[in-house]
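A.B. asks: Sharing a structure with you now.
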Amino acid sequence: MATELNDHVCECFSYDEEKVSRLKREVAVTSGMGQLFKALGDETRIKIIYALAREELCVCDVAQIIDASVATASHHLRLLKNMGLARSRKQGKMVFYSLADRCVETIVEAALQHYTQKGYWAK
């Protein structure tokens with residue numbers, strides 16, 4: 001166990017002050033981004049985003065796609081909307097959802113490509 005840990009940790013503590021200082025300032029732009037990945041970190045919401053990337057769907061369609069109740073689908077869709085990832089429009093008695101922009105679709109497509117190329121699905 002200790003040998004395995006040693007393979008992943010520096011044996012002495014020394015860092016590049018200039019590099020660390022510069023990168024600390026640069027990584028500040030990621031502040032709050034964890035919420036985006038938290039929203040994307042749910043299997044059900046990934047399915048919803050994947051489906052919405054293909055076409056606009058009403059809440060009932062989404063419920064059927066994810067094999068859940070309308071209330072559950074609505075909860076996930078509302079969260080995605082509140083995160084700025086989806087938008088909705090009401091048409092009569094129906095509420096339709098679509099992706100807010102193509103950025104989230106790009107993220108999911110890139111993750112799916114990585115996932116299938118690395119063979120994670122086979123594990």
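A.B. asks: Sort 46-53, 18-25, 101-108, 32-39 for me by packing, meaning the mean count of neighbouring Cβ atoms within 10 Å per residue, highest on top.
C.D. replies: On the way: 46-53: 18.6, 18-25: 9.6, 101-108: 14.4, 32-39: 11.5.
Going by the mean number of other Cβ atoms within 10 Å, highest first, we get 46-53, 101-108, 32-39, 18-25.
A.B. asks: Taking only C-alpha pairs under 8 Å that are 6+ residues apart, what is the relative contact order of the chain in percent?
C.D. replies: Normalised by residue count, the contact order of the chain is 21 percent.
A.B. asks: Moving on to the next point. So which helices of the chain fit the span-like rule, where a helix is a whole DSSP H run, its Cα atoms reach 15 Å or more along the axis, and its mean Kyte-Doolittle is at least 1.0?
C.D. replies: Going by DSSP H runs, there are no hits.
A.B. asks: Continuing with the same structure: Over segment 53-114, calculate the relative contact order: mean separation of alpha carbon pairs under 8 Å at least 6 apart, over the residue count, as a percent.
C.D. replies: Reported relative contact order: 33 percent.
Computed from the coordinates by the stated procedures, all read-outs in this text should not be read as laboratory data. On a predicted model such as this, the values are computed, not experimentally measured, just so you know. Glycine gets a Cβ as well: all are built from the backbone with ideal geometry, and neighbour counts include every protein chain shown.
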